Amino acid sequence: MRVIFLVLAALFLTTGCMNNSTMGSSAPTTYIDDTVLEAKVKTAMISNRGLEGFSIHVNAHNGVVQLSGFVDNDVTKQLAGQIANSVDGVNEVVNNLIVSP
């Protein structure tokens, strides 16, 4: 039991010494920022009446927001892209929404 505790303590202490430069783009702050950005975009879309009833998926990575899912027409697709682009912190929008036939 004591050996397991010492191994876990050693792992904890060595991983605590990592800084963001060694962790690359998967740093915890980046992940949190991306999650917050996704939430902001989703909130903006939910509050827009023109996008009610659509299942639009939002993914963010380093300020780039990707939209995916299905919408009824090109106007709705453009509206979703404009709303996402208007959110503070969004640097680019990749609009992969598909217009259903």
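Values in this text are rule-based calculations from the coordinates and carry no lab data. The structure presented is a predicted model; accordingly, all values stated were derived computationally and were not measured. So basically every Cβ, Gly included, is an ideal-geometry build from the backbone, and we count neighbours across all protein chains shown.
In table form, for the structure just shown:
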{"read-out": "Förster radius 22 Å - calculated FRET efficiency between residue 86 and residue 62, Cβ distance, rounded to 0.05", "value": "0.75"}
{"read-out": "Extended-chain gain in nm, criterion 0.36 nm per residue less alpha-carbon gap, residue 33 and residue 54", "value": "5.1 nm"}
{"read-out": "Point-to-point label distance, residue 43-residue 100, nm (Cα→Cβ direction, 7 Å offset)", "value": "2.8"}
